[in-house]
């Protein structure tokens, strides 16, 4: 089989995870109340919907979780990594900062390059005309940061050098996905708040762990009052979340690398939950990837930090940690959709999506949520 044909065969797999979504189903704004998002509840074993005629909201999550259950969230913090601006000679330009070069952003927030020439960032750059080395830009909110293209890489990435002493994030905006449309002339102050979870603490993501956007302090209090424990992991969502799946990922079974942390306290909480017969409930696909990345073939969980390229998909590795999954409604043909399909089954997933589309659920980052759960008492460790 030729490499080209192999690529075509690999990409053809995605045809099984395609669906038509009306433009009106894509949520363009966050709801006024985070936990007022609608909640579709699916039985993981059968794929059946829990009372599909009912109008559950995320704030009703307390009715589906209870004593001995453990809810785990991703505490990454989204950086204001989107810089809208212009070329120095005129013409629109926009950059998405992927990270500082040649070293990571320091713990104190500094991005200054060790050579004293100002911070250098890897970025995705779009602008009118041709991108070339030496291109001068002014990026970010007024007055803007001067920047210069120092190198051009593959996949649309460049290296940008900013002025000494500048912090490009200080003039940045929320890195909203392209399907959320904003007028470039209007600062997105509301998005800086709403495209961020209320518990975000660890800066490093360039996309939000969107299932977590629904939570409020009041909802956490209600869950704790019902006996549900809360723990956290960190996974810094990277540029791969904006990119379509390619043949290489499908053939290798590996995704883009993302930095994660599983704290010892969370690993210990999981062990206690298992011992008590409770369920491990992952808030979002990013949390699920951390938990499954830290578990070996024997089901042993190891706390620590590292990078993961784990690609959870139908026919791949089984879920060994996660019992229930709270997740938003995802793009067709995406790695996120395949992860959910691996968790609940392709037919059950697509049936739930058909119901959600017909019932007017809101899709994607600012959209509604789905809880996929076994019956209480049916946890893997029970």
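Observations on the structure shown:
- Virtual spin-label span in nm between residue 296 and residue 268, 7 Å along Cα→Cβ: 2.2 nm
- For region 318-342 and region 1-79, distance of Cα centres in Å: 7 Å
- For the chain, the antiparallel share of DSSP beta bridges with both residues in that region comes to about 70%.
- Taking every alpha-carbon pair in region 128-189 and binning the separations at 10 Å intervals from zero gives 18, 43, 37, 2 percent.
- Among 241, 89, the order by Cβ neighbours within 10 angstrom, fewest to most, reads 89, 241.
- When the convex hull of its Cα atoms is viewed from all sides, region 1-83 shows a mean projected area of 11.4 nm².
- Burial ordering of 365, 293, fewest other beta-carbon atoms within 10 Å first: 293, 365
- Calculated mean residue ellipticity at 222 nm for the chain: -5500 deg cm²/dmol, from DSSP H runs with n ≥ 4 weighted as -39500 (n - 2.57), summed, divided by the residue count and rounded to 500.
- For the residues 60, 296, 18, a GNM of the chain with alpha-carbon springs under 10 Å puts the largest fluctuation on 296.
- Springs join every pair of Cα atoms under 10 Å in this Gaussian network model of the chain, and among 12, 239, 265 the largest mean-square fluctuation is at 12.
- In this calculation the C-beta distance from residue 36 to residue 77 is compared with R0 = 25 Å, giving a FRET efficiency of 0.60.
- The fewest-to-most ranking of 219, 245 by surrounding Cβ atoms within 10 Å reads 219, 245.
- Rounded tilt (10° steps) of 3-12 against the dominant C-alpha axis of the chain: 50 degrees
- Label-point gap, in nm, between residue 55 and residue 157 - each point 7 angstrom along Cα→Cβ: 4.6 nm
- Degrees separating the helix 346-358 axis from the principal Cα axis of the chain, which is the longest one: 80 degrees
- Considering only 207, 288, 100, the Gaussian network model of the chain with Cα springs below 10 Å gives its largest mean-square fluctuation to 100.
- Label zone of residue 276 (point 7 Å out along Cα→Cβ, amide N under 13 Å): in region 63-96 this covers 66-71.
- Using only alpha-carbon positions in the chain, the gyration tensor eigenvalues give semi-axes of 36, 23, 22 Å once each is multiplied by 5 and square-rooted (largest first).
- In degrees, nearest ten, helix 335-344 long axis to first principal axis of the chain (Cα): 10 degrees
- The alpha carbon radius of gyration of region 303-382, expressed as a multiple of 2.2 N^0.38 Å, is 1.19.
- Shown here are the Rg and Dmax of the Cα trace of region 197-353, at 15.3, 47 Å.
Quick note: the coordinates plus some simple rules give every number you see, no bench work behind them. Just so it is clear, the model here is predicted, and its values are computed rather than measured. With ideal geometry, Cβ positions are generated from the backbone for all residues, glycine too; neighbour counts draw on all protein chains shown.
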